[in-house]
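To start, the structure itself, in structure tokens.
Taken together, the values in this text are just the output of simple stated rules run on the coordinates, not laboratory data. These numbers were taken from a predicted model, which means no experiment stands behind them. Every residue, glycine as well, gets a Cβ built from its backbone with ideal geometry; the counts of neighbours run over all protein chains shown.
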Amino acid sequence: MLEKTGVPEPEQVKMITPSDVRFQKGPVAVVECFQNIPCDPCRYACRQGAIKEFEDINDLPVIDHELCNGCGLCISECPGLAIFVIDASYSKEEGLVKLPYEYFPLPGQDEEVTGIDTEGEAVCSARVVKVQNTKALDRTPVVTLAVPLQHVMRVRSFLRKGGEEHGR
Amino acid sequence: MQKPEIAIVGGGPAGLSAALSAVRQGAEVMLIDRDPALGGQLVKQTHMFFGSKKEYAAIRGIDIPGKLLAALGEEGKGRFKPVLNTTVLGYYDDGVILADKEEQQAMLIKPQKTIIATGASEKMLPFPGNDLPGVYGAGAVQTLMNVYGIKPGTRVLMVGAGNIGLIVSYQLMQAGVEVAAIIEGAPKIGGYLVHATKVRRAGIPIKTSHTIKEAYGNKSVEGALICSLDENWCAIPGSDLDMKVDVICLAVGLSPQTELLWQAGCEQKYIPELGGYVPLRNEKMQTTLNDLYVAGDVACIEEAGSAMVEGKIAGLFAAADLGYDEKVEERFTSFTSELEELRAGPTGAKIREGLSRLNGGAAKC
């Protein structure tokens, strides 16, 4: 249970997962925010109007996956680091997971890393496709990983192989 | 004796916002802080803030003082006077403040209005070995890491899964320090679940219904015994777990720093939901003493976002009572609705309950 462990339940994730049809059309944001807290920056980050206006600042974000173009501007704007962009149309075998990553050192492009899930467990090997760390991201770098297609909704962070890093 | 129109004690989020609000009205403000830089606890909050985009959400805490100070410099020209490295020691019956500047000069200040924004201090947890070196408050760990760049140790047991425990655990990981576990006595995580998810996917286990039994070690912490709790918060026999850690970090809540309010003699009430003894105040953030206002954690342990809005209200009325009353009603309405919005959700339930008890179950604050 999320309130006890910090790990979202599969049913909760299912509720916010875009449709297969939408996934096949290209990149789309997945908002893994399951608790009503007073927070609204994601709605102002979205320039497509995909994240609907909040009636109350405590509302959960509601995203229209059809309007979302997967631009990823919301990723580094979410204080909870709870937004990911998934591109399941990347190739026949692989999909892309764009995630916020606030640890140093940042990985290099083409680096092989271990994709990990919401419990911190290793899921699969993953390849770093892109690392963005522009001024606009304001110290929340965004890393794009290529992972086996079946794992795009599981991989939510990664560990670099070999060498100690961020307390692991 | 210095005689500013308004003196504010404490330059954290509440005090800085109060100062800005008051100078915007046209008042003259002296802001007194014991630290060498303004910002209070913001100076070590490296994470992005939650809350309203209008009110610094998605901005890192460390960047907020700079923004407020820039506005104060611009709008408070000649009317904003920060007094740093200065600790306020006393508040006397006649409204005189005694302060100690840089540990060498006593200052007497007689403001017309005073806003107390002294924040809170960390709570301690009683257990054998809690006096060993290596047992820290979460605030100290955060100061060491994020202000001075010093790692507190190599492997940490975090006690408390409120927002502070979760955030400091995340920042420990960022600094390259291992967090063995976060334990929490309550059956549920108290902090925001997105923070919990963030540390969980970094591999830190969160153990709810767990507490620390003792810390052990020769000259400093070498480990901790933890155990599980049943639904009555009683230790479950045989559930002990030995954790080899060199740091035990306590994030078990905050107490309002109300010492100056006790000296001043304004009325206070014990409200557990708000963190302990807190001052009675009206919707203007005015205490039972006419010239004394409060804002932020000293009034109620809450998020920095709410502290800033309380500061705006206190600053507005301290200035308005001196005659700087331009657009008071309009601004008050807007600040109040901001505050109500921040407290409206399920995470604000405890605060709403506490405020309603503080006001004798009547009006909202």
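Amide H contacts of A:SER157: A:ILE116, each under 5 Å away and 5 or more positions distant or on a separate chain (H built 1.01 Å from N in the peptide plane; Pro and chain starts excluded). Counting only aspartates and glutamates at least 8 places from A:LYS135 when in the same chain, those with an alpha carbon closer than 15 Å to its own are A:GLU77, A:GLU102, B:ASP63. About the centre of its Cα atoms, the protein assembly as shown shows a dipole size close to 760 debye [charges on the beta carbon of Lys, Arg (+1) and Asp, Glu (-1) only; nearest 20 debye]. Its Kirkwood hydrodynamic radius, worked out from the mean inverse distance over all distinct Cα pairs, puts segment A:2-160 at 15.9 Å. Measuring r between the beta carbons of B:GLU122 and B:GLU74 and using R0 = 35 Å, the FRET efficiency lands at 0.50. In whole percents, the pair-distance distribution calculated for segment B:26-87 from its alpha-carbon pairs, binned every 5 Å from zero, is 4, 18, 21, 23, 18, 14, 3.
Could you quote the convex hull projected area for chain B, Cα atoms only and averaged over all directions, in nm²?
On the way: hull surface 74.8 nm².
Average of the hull's projected areas for chain B equals 18.7 nm².
By the rule of a C-alpha distance below 19 Å, with chain neighbours fewer than 8 residues away ignored, the lysines paired with A:LYS52 are B:LYS53, B:LYS54. Under the combined filter of DSSP loop state and at most 15 neighbouring Cβ atoms within 10 Å, segment B:200-260 retains these GluC sites (Glu not before Pro): B:GLU222, B:GLU231. Dipole size of segment A:2-116 about its Cα centre, with +1 on Lys/Arg Cβ and -1 on Asp/Glu Cβ: approximately 200 debye, rounded to the nearest 20. At q = 0.12, 0.18, 0.21, 0.27 Å⁻¹, what log₁₀ I(q)/I(0) does a Debye calculation on the Cα points of segment B:1-61 give, no solvent, two decimals? Taken in order of the listed q values, log10 I(q)/I(0) reads -0.35, -0.71, -0.88, -1.10.
Between the C-alpha center of segment B:5-27 and that of segment B:55-80 there is a gap of 11 Å. Here the protein assembly as shown carries DSSP beta bridges of which approximately 65% are antiparallel, counting only pairs with both residues inside. Nearest 10 degrees, 0 to 90: what angle lies between the long axis of helix B:304-320 and the longest principal axis of chain B (Cα atoms)? Once rounded, one gets 20 degrees. The alpha carbons of the protein assembly as shown occupy a box of 77, 58, 44 Å along the principal axes, longest dimension given first. Give the residue from A:ASN133, B:ILE183, A:PHE23 lying farthest towards the positive end of the charge dipole for the protein assembly as shown; charges sit on Cβ (+1 for Lys and Arg, -1 for Asp and Glu) and the dipole is referred to the Cα centre. Working it through, the farthest residue towards the positive pole turns out to be A:ASN133. About its Cα centre, the dipole of segment B:60-170 is roughly 340 debye, where the only charges are +1 on Lys and Arg Cβ and -1 on Asp and Glu Cβ.
Rounded, prolate or oblate for segment B:124-250? Axes are the square roots of the Cα gyration tensor eigenvalues, ordered a ≥ b ≥ c, and the cut-off for rounded is a/c under 1.5.
Numbers: a/c = 1.85, a/b = 1.14, b/c = 1.62.
Oblate shape, in that a/c is at least 1.5 and b/c is the bigger or equal ratio.
Under a 5 Å amide H cut-off, with hydrogens placed 1.01 Å from N, B:LEU89 pairs with B:LEU98, B:ALA99, B:ASP100 among residues at least 5 apart or on other chains. When the listed pairs B:LYS123/B:LYS213; B:LYS81/B:LYS269; A:LYS14/A:LYS130; B:LYS123/B:LYS284; B:LYS44/B:LYS198; B:LYS77/B:LYS312 are checked against a 24 Å cut-off, the alpha-carbon distance exceeds it for B:LYS81/B:LYS269; A:LYS14/A:LYS130; B:LYS123/B:LYS284.
Each Lys or Arg adds one and each Asp or Glu takes one away; over the other residues whose Cβ falls under 12 Å from the Cβ of A:ARG127, this sums to -3.
Using C-alpha pairs below 8 Å separated by at least 6 residues, the relative contact order for segment A:32-87 is 36 percent. For the peptide A:73-83, the mean number of other protein chain Cβ atoms found within 10 angstrom of a residue's Cβ is 4.
Neighbouring Cβ atoms from other chains, within 10 Å of the Cβ of residues in B:343-349, number 4 on average. Candidate cross-link partners of B:LYS101 among the aspartates and glutamates, defined by an alpha-carbon separation under 16 Å and a same-chain spacing of 8 or more, comprise B:ASP33, B:ASP35.
Amide H contacts of B:VAL179: B:VAL156, each under 5 Å away and 5 or more positions distant or on a separate chain (H built 1.01 Å from N in the peptide plane; Pro and chain starts excluded).
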